[in-house]
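Where a number appears in this text, it was derived from the coordinates with a stated rule and is not lab data. Keep in mind the model is a prediction, meaning the values are calculated, not measured. Note: ideal-geometry Cβ built from the backbone for every residue, glycine included; neighbour counts use all protein chains shown.
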Amino acid sequence: EHVGGDFDALIAADQRIEPRDAMPDDYRQTLIRQIAQHAHSEIIGMQPEGNWITRAPSLRRKAILIAKVQDEAGHGLYLYSAAETLGIDRAELLDRLHDGKQKYSSIFNYPTLTWADCGAIGWLVDGAAIMNQVPLCRCSYGPYARAMIRVCKEESFHQRQGFEILWNLMRGTEAQQAMAQDAADRWWWPALMMFGPPDTGEAAKGGHTAQSMAWGIKRFSNDDLRQKFVDMMVPQAEKLGIVLPDPDLKWNEERGHYDFGPIDWDEFWRVLRGDGACNAERIAHRRRAHEDGAWVREAANAYATKQAAKQKESAA
Amino acid sequence: EHVGGDFDALIAADQRIEPRDAMPDDYRQTLIRQIAQHAHSEIIGMQPEGNWITRAPSLRRKAILIAKVQDEAGHGLYLYSAAETLGIDRAELLDRLHDGKQKYSSIFNYPTLTWADCGAIGWLVDGAAIMNQVPLCRCSYGPYARAMIRVCKEESFHQRQGFEILWNLMRGTEAQQAMAQDAADRWWWPALMMFGPPDTGEAAKGGHTAQSMAWGIKRFSNDDLRQKFVDMMVPQAEKLGIVLPDPDLKWNEERGHYDFGPIDWDEFWRVLRGDGACNAERIAHRRRAHEDGAWVREAANAYATKQAAKQKESAA
Amino acid sequence: MTEVAAQASPAAYVLGLADDAMVYAQRLAEWMSNAPQIEEDMALGNIALDLLGQARALYPHVGTLDGTGRSEDDFAMVRDERDWRNVHLVEQERGDFGQEMARLLWFATYQRELYAALLASSDPVLAGVAGKALKEVRYHLDHAALWVVRLGDGTEESHTRMQAALDSVLPYLPELFFDDEASVAAAESGIGVLPSSLHEAVTTHVAAVCQEATLDLHAPTWRARGGRAGIHSKPMGYLLAEMQHIARSHPGATW
Amino acid sequence: MTEVAAQASPAAYVLGLADDAMVYAQRLAEWMSNAPQIEEDMALGNIALDLLGQARALYPHVGTLDGTGRSEDDFAMVRDERDWRNVHLVEQERGDFGQEMARLLWFATYQRELYAALLASSDPVLAGVAGKALKEVRYHLDHAALWVVRLGDGTEESHTRMQAALDSVLPYLPELFFDDEASVAAAESGIGVLPSSLHEAVTTHVAAVCQEATLDLHAPTWRARGGRAGIHSKPMGYLLAEMQHIARSHPGATW
């Protein structure tokens, strides 16, 4: 499909595509899928940490956690709005999420077992998210790029808060230290999987990556981002006093990077297929909230319609 | 209404009336009302203590509490069965409970605020219940009298358990002692109200009492039972180290009884009218359980009907 | 136990305000990820945060007033049920969205009148908290009123549900306007305000919203009592169990 | 944390059995005053008591085996979530009565096979507990089977609900038959039994009940994992918060 010189020229010049610009349908569909998945991840991502709001161990932590989960809802809103500029509305995207037709990040199918998980999610999961998302601030599609700028700013704040939770735990009681280490043990490998399958694998060869790179949607390969992440996190772990659960992790002078052990991609594919600890729970939770709220949304629409009719009447 | 010499003769001879015996309709209706109210009290009475089953502070206490609440269910069953011998079935009685047409003891409209309340209920409420119920073991209606014999035996066991809970608390930490005293403060007056309004009051003059006494259903007046209860409990409170919340409580050498302060009958009538802390909650809880279980009871009936039909078929 | 609650002290009065805010913040925060739309996840989270902020501003002040020097977490995380002074309204379990809006409408209207009156408190800390909170609760009130009107005057189903929701909170309202010992003493000393003095203004405002919403305000058949004396309803113990479990599991830890 | 769970020790094995019984007792006891009829309040209370009794018999033995000398309440009341070794099946929230009967049918059938095998345990305490428990769980099993048949072959509604109930427990079953490190070691040493060795007998029995109940046994689309390693599902933390709150609120107290 060819849509004329403007699109290609803009892409070639690394300029932004805006909603009114002509664009190839594949580009549009790729973006819808990616932005929707990203928005869904924010909304589903409210659950694992939301699980700790009522049990946060201090009022200060409770307040920070509520604000963080609220930010995630806000990120979801920005992103659904960005997707809507591509001609699809939020209700339709939510239906696709609820019906399992669109995905969200598999990381949210892991359970949050202790308070320290709120720290580990902030530090590792938000850390990995930022690594993935910063390049998207220069994404070729304008509304997406601008949404990502706001998101990234808040995410780095969240990442610092997660670090701070773990920092306090590691300087706390023995039980608190064990809790922090345990959380890092459980979240480290799933965080590495957040960058997606290796560039050398079957999945990457499907062509999505190459096309997304050509379109200026994707800027770095999965493995490159993963390596950057590892290189960033190892010194932070040392600072925290947390031992990352990888005996193969060590500095490679020659490469100028940290080497790390093999990732269990079987687990990745299993969770992606729906057989993770929380897949069923996350979607059931979302569907229940959505269904419980149906009468409220209907009422709001009915009221708006009535009000519009009244205004029209009084204007006539 | 006169139903012949047998009934009157049996009553006069202090013999038992049995289900097949002729009896005045008023006698039957009085008994149905009283036995049903008693059965309902056992069933509703499962809730205040049931509230602590999941939170009992030790496994031993949890086991004792489960067994106690189970006993209450059992008492409800005996009593509904006794009522059924008078020609009314349990389903109908439960409907009357749920519709507010029949009452249960007002004592169960007080909340159980702390673990110590499980002790205070056993000690004071079961204590008062026994005082009311022991004479019913000699009630003129045979099935009721026999049910009460079983009930009383278990109730006195419960009363000792309640005493033991408080005994341990009073020998525990400062917080535990305060908890026990607080529970006694809250349950003492309601327990005294369990014997009903004073014999000199309007309600007692209505004639119910005199007729019930003549029929051998009631054996002692409300005030007599209340006095016996006070006389029994004061030494037990002293043994526990609990101060009963009545500044007027003192031994009267002349009467050979403890004097005690005035009871707040306004509160009694208010709670009886439905404006107690838990009236709405208790009935809502019962109705919910009953409605949630409707499909189960229907299925059991349908299955029984099918099985009966099959047996008939194979027998034919 | 109940050493504060039993007294007609300024501390007891302020603790009642703080506990109302704290417990309602806890309930409202339960909506996050459970609301009818994402905007509401955010709005209810926002209101929860405001109320939590009020509680956090008030608790250390209670610790000063009663001389115990207790921190916000001492009050929230390791205090037994009998020592909580909040009204029953805020501790009730999360119901449907209509019930939440009914509760919020009453509570925010009550808080608006309360904080407006407390601007004149002789206690400068309390007056300061009132000044900040007043701006917040106006938004809470507008938000609740908007939804009560939409739901009352929306669909047939929403009208029925919203009416039932309004009815369900009625028994819990008299407690908001009950002049307990601590309030009377606080009002007399100029620190606080007599709860009964807020009744008319609150009811008038709520009635106006209900009228616009085509809803009726009925009289309750019973009324809750005792929150200010630490006598709570069934949900309170479970709320505290959840809220305090981790903190209680690590005595003395900081987070 | 997780010092026991991480080891392939006899203590870890027995703790798994004890925690299964304890957590399921807690869930079953929630039925009291909530059952479809009074007889069921009693029956479920009875089963809860039996399971609680099993847990109470096993916990002190774990304390002996692991050398900590911990009491039953040390295990039940002050242990953190990550140190619990029960399967996810028993920690799931109380559903409707059909779901409870589906869960009980599987769990009691599993326990019957388990305890029958443990009669031959080289650990005399464990063999003793098994002997007593075996009589109890036969009753549990009969009770559950009776209801599954009644509900499956009752009304159209009950059939639909019972089928859905059966489906809802499916993902939690593989964990019962999973040979974790501790089980393998326990089986090798003659103390315990390999969970996978129970699978066929349990499934055969449940399948027979389902057939009589006109119900189908499907294959699950996902399966729960991790209970024996202290990795629990969401309801577990809330269950513990409720169960432990009072005990944790009074450290060191006896009751």
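Take every DSSP beta bridge with both residues inside the protein assembly as shown and express the antiparallel ones as a percent of the total, to the nearest 5.
Roughly 75 percent of the DSSP beta bridges within the protein assembly as shown come out antiparallel.
Placing +1 on the Cβ of each Lys and Arg and -1 on the Cβ of each Asp and Glu in region D:6-95, which of D:ASN46, D:HIS88, D:VAL14 has its Cα farthest towards the positive end of the resulting dipole?
Checked the options; the winner is D:VAL14.
Starting from the 7 Å offset along Cα-to-Cβ, what nm value, one decimal, do you get for the label separation of A:ASP266 and D:GLN7?
Each label point lies 7 Å from its Cα, and together they span 2.9 nm.
Please list the non-local residues whose amide H lies under 5 Å from the amide H of A:GLY172, H modeled 1.01 Å from N, same-chain partners needing a gap of 5 or more.
Under 5 Å from the amide H of A:GLY172 lie the amide H atoms of A:GLN177, each far enough along the sequence or on another chain.
For chain B, how big is the tail of P(r) above 36 Å, as a whole percent of Cα pairs?
Counting pairs separated by more than 36 Å, the tail of P(r) holds 23 percent.
Per residue, what volume in Å³ does the convex hull of the Cα atoms of region C:117-243 enclose?
143 Å³
Could you work out which residue, out of C:GLU30, C:GLU188, C:GLU72, moves most in a Gaussian network model of chain C, that is, has the largest mean-square fluctuation with Cα springs under 10 Å?
Largest GNM mean-square fluctuation: C:GLU188.
Taking the square root of 5 times each eigenvalue of the Cα gyration tensor, what semi-axes in Å does the equivalent ellipsoid of region D:59-170 have, largest first?
32, 18, 9
Would you kindly derive the ³J(HN,Hα) couplings of region B:13-28 from the backbone phi angles with the Karplus curve 6.51 cos²θ - 1.76 cosθ + 1.60 (θ = phi - 60°), listing them in order in whole Hz, with x for Gly and Pro?
8, 6, 9, 7, 8, 10, x, 7, 5, 5, 8, x, 4, 4, 4, 4
Could you give me the ³J(HN,Hα) list for region B:58-70, computed from phi with Karplus coefficients 6.51, -1.76, 1.60 and θ = phi - 60°, whole Hz, x at Gly and Pro?
After applying 6.51 cos²θ - 1.76 cosθ + 1.60, I find 9, 5, 4, 5, 4, 4, 4, 5, 4, 4, 5, 5, 5 Hz.
Starting from the amide H of B:ILE17, placed 1.01 Å from N in the peptide plane, find each other amide H under 5 Å away whose residue is 5 or more places distant or on another chain.
Distant-sequence amide H within range of B:ILE17: B:TYR141, B:GLY142.
Quote the FRET efficiency, to the nearest 0.05, computed for D:LYS135 versus B:ARG150 with a Förster distance R0 of 25 Å and r equal to the Cβ-Cβ distance.
It comes out at approximately 0.50.
What size of dipole, in debye to the nearest 20, comes out for region D:3-249 about its Cα centre when the only charges are +1 on Lys and Arg C-beta atoms and -1 on Asp and Glu C-beta atoms?
260 debye
Here is the link list: B:LYS68/C:LYS234; A:LYS101/A:LYS153; A:LYS62/A:LYS103; B:LYS153/C:LYS234; B:LYS68/B:LYS103. Which ones come out longer than 25 Å on Cα distance?
Those over the limit are A:LYS101/A:LYS153; A:LYS62/A:LYS103; B:LYS153/C:LYS234.
Determine Rg/Rh for the protein assembly as shown; Rg is computed over alpha-carbon atoms and Rh is the Kirkwood hydrodynamic estimate from the same atoms.
My calculation of the ratio gives 0.99.
Provide the per-residue ³J(HN,Hα) series for region A:172-188, in order, calculated from phi with Karplus coefficients 6.51, -1.76, 1.60 and θ = phi - 60°, each as a whole number of Hz, with x at glycine and proline positions.
Ordered by residue, 3J(HN,Hα) equals x, 5, 4, 4, 5, 4, 5, 4, 5, 4, 4, 5, 5, 4, 7, 9, 4 Hz.
For region A:95-141, what does the alpha-carbon gyration tensor say about shape, rounded, prolate or oblate, given a ≥ b ≥ c as the root eigenvalues, a/c under 1.5 as rounded, and a/b over b/c as prolate?
Since a/c reaches 1.5 but b/c is at least a/b, the shape of region A:95-141 is classed as oblate.
Hey, how many Å between the Cα centroid of region B:234-308 and the Cα centroid of region C:78-93?
Measuring centre to centre over Cα atoms gives 23 Å.
Using +1 at the C-beta of Lys and Arg and -1 at the C-beta of Asp and Glu, which of C:SER249, C:THR155, C:ALA208 has the Cα lying farthest in the positive direction of the dipole of region C:3-249?
Result: C:SER249, furthest along the dipole toward the positive end.
Among B:ASN279, B:ALA302, B:ALA289, whose Cα lies farthest out toward the positive end of the dipole of region B:274-316, if unit charges sit on the beta carbon of Lys, Arg (+1) and Asp, Glu (-1)?
It is B:ALA302, whose Cα lies furthest towards the positive end.
Local charge sum around D:HIS205 (other residues, Cβ-Cβ under 12 Å, Lys/Arg +1, Asp/Glu -1)?
For residues surrounding D:HIS205, the net value is -2.
If chain D were replaced by its equivalent ellipsoid, with semi-axes equal to the square roots of 5 times the Cα gyration tensor eigenvalues, what would those be, largest first, whole Å?
Working from the Cα gyration tensor, I get semi-axes of 29, 21, 17 Å.
Grab the beta carbon distance between C:ALA208 and C:ALA229, set R0 = 25 Å, and tell me the FRET efficiency rounded to 0.05.
Efficiency for this residue pair is about 0.15.
For region B:139-213, rounded, prolate or oblate, judged on the Cα gyration tensor with a ≥ b ≥ c (square roots of eigenvalues), a/c < 1.5 rounded, else prolate if a/b > b/c?
oblate
Under a plain spin-label model, where a point goes 7 Å from the Cα along Cα-to-Cβ, how far apart in nm are B:GLU253 and B:ALA12?
Result for the modelled spin labels: 4.8 nm.
Calculate how steeply helix A:294-315 sits against the longest principal axis of the alpha-carbon atoms of chain A, using the helix alpha-carbon long axis, and give the answer as 0 to 90 degrees to the nearest 10.
That helix lies at roughly 30 degrees to the long axis.
By how many degrees, 0 to 90 and rounded to 10, does the Cα axis of helix C:234-249 deviate from the longest principal axis of chain C?
50 degrees
Rule-of-thumb check for region D:46-119: C-alpha Rg over 2.2 N^0.38 Å?
Dividing the Cα Rg of region D:46-119 by 2.2 N^0.38 Å gives 1.25.
Nearest 20 debye, what's the magnitude of the dipole of the protein assembly as shown about its Cα centre given +1 on Lys and Arg Cβ and -1 on Asp and Glu Cβ?
20 debye
Can you tell me the dipole magnitude for region B:1-55 around its Cα centre, using point charges on the Cβ only (Lys, Arg +1; Asp, Glu -1), in Debye to the nearest 20?
Magnitude of the dipole: close to 380 debye.
When the Cα centres of region B:115-170 and region A:127-154 are compared, how far apart do they sit, in Å?
Here the two parts' Cα centres lie 70 Å apart.
Once each part is reduced to its C-alpha centroid, what is the distance from region D:191-255 to region D:1-70 in angstrom?
11 Å
What does the copy distance list look like for D:ALA207, label position 7 Å along Cα→Cβ, in nm and ordered from shortest?
7.1
Rounded, prolate or oblate: which fits region D:1-110 when a ≥ b ≥ c are the square roots of the eigenvalues of the alpha-carbon gyration tensor, with rounded for a/c under 1.5 and prolate only if a/b beats b/c?
Because a/c hits 1.5 or more and a/b exceeds b/c, region D:1-110 counts as prolate.
Taking amide H positions as placed in the peptide plane 1.01 Å from N, state which residues far from B:TYR258 in sequence (5 or more) or on other chains have amide H under 5 Å from it.
B:ASP231, B:ASN252
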